[in-house]
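Visitor: Before we start, here is the structure in question, set down as structure tokens.
Only the coordinates and a few stated rules stand behind these numbers; no lab work does. Model, not experiment: these values are computed from the prediction. Cβ placement follows ideal geometry from the backbone for every residue including glycine, while neighbour counts extend to all protein chains displayed.
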Amino acid sequence: MNHAFVAALADAGHTAESLADQLGVHPKTVARWANPGHIPQTRHRNTVAELLGQESEALWPDVIRRREPVWFRPWVDIEREAITLRTFELAWVPGLLQIEAYARATLAGGLLTADATEDLVAARLNRQAILHRERGPLLVVVLDEGVLRRRVGDSRELMAAQLTHLLACAELPSVQLHVVPADAPSYPGLDGPFVIADLPGGTHVAHVDGPAPAQILDQPADLANLERRWERIRGEALPRGRSLDLVKEAAASWS
């Protein structure tokens, strides 16, 4: 339980019902904020802190203590608010599904200090809390088979552990996993990875990765292009059962 939030609620003379009434949300929503890893959406967070006479960082320290790069923080906020996240990856297991050792290995060989690397790893792992929330987003992942076959890190055991974790994540009700097989012909996913976030109210934004800091796209023409790419990529991917069989085979090949 988030004792800081519960104590602040009592000290301010509020109940879940009274705070919900002031915010215009359901009392069950407020009650969830007392659970570890749950945090108000951006539009409510500062208001909640003000009503309780606290700083946001004091109410949700583990979630709000920002360790990701400044340029990436807007996307982390979008992830927390999303209803659905549709992500295609060509080179890596997506960060939301990475184990710690794999996350660290993806950062090896760069120009980062040890402290900076640990901050990035911690931030990546913290983001994964959204997959275990009662009303977190549905994460639909499409991977190129090369992600399963290309070694990351120095050991085959790391890859076996990562793919085993990927299979476990695929059993979560919040995760749907598909794989584009290696024998698929040239397809639009070869242009690079991206994520489309479907937000409350019917709005959409996208995150497009690359060698420079990634971009967040919200223009209709850009989003329409990514929607078309997504549908064509999904068309090349295997059904869920066959995708999981392929991941199992790849995991065994690394053992």
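Visitor: Of Ala161, Ala82, Ala221, which has the largest mean-square fluctuation in a 10 Å C-alpha GNM of the chain?
Guide: Most flexible of the set in this elastic network: Ala221.
Visitor: When you count, for each residue, the other Cβ atoms within 10 Å and take the mean per peptide, how do 99-107, 170-178, 112-120 rank with the highest first?
Guide: Going by the mean number of other Cβ atoms within 10 Å, highest first, we get 99-107, 170-178, 112-120.
Visitor: Defining a contact as two alpha carbons under 8 Å apart and six or more residues distant in sequence, what relative contact order in percent does segment 98-154 show?
Guide: After rounding, I find 43 percent.
Visitor: What does the convex hull of the Cα atoms come to per residue for segment 143-255, in Å³?
Guide: Residue-normalised Cα hull volume stands at 128 Å³.
Visitor: Can you find, among His204, Ala221, Gly235, the residue sitting farthest towards the positive end of the charge dipole of segment 199-248, where Lys and Arg contribute +1 and Asp and Glu -1 at Cβ?
Guide: Farthest towards the positive pole: Gly235.
Visitor: Another question about this same structure. Please list the non-local residues whose amide H lies under 5 Å from the amide H of Asn35, H modeled 1.01 Å from N, same-chain partners needing a gap of 5 or more.
Guide: Asn2
Visitor: Mind checking the dipole of the chain: about its Cα centre, +1 per Lys or Arg Cβ, -1 per Asp or Glu Cβ, Debye to the nearest 20?
Guide: Dipole about the Cα centre, nearest 20: 360 debye.
Visitor: On the Cα set of the chain, report Rg and Dmax in Å, please.
Guide: Cα-based Rg and Dmax for the chain come out at 19.7, 63 Å.
Visitor: Here's another thing I want to ask about it. Distance from the Cα centre of segment 94-146 to that of segment 232-251, in angstrom?
Guide: What the calculation gives is 21 Å, centre to centre.
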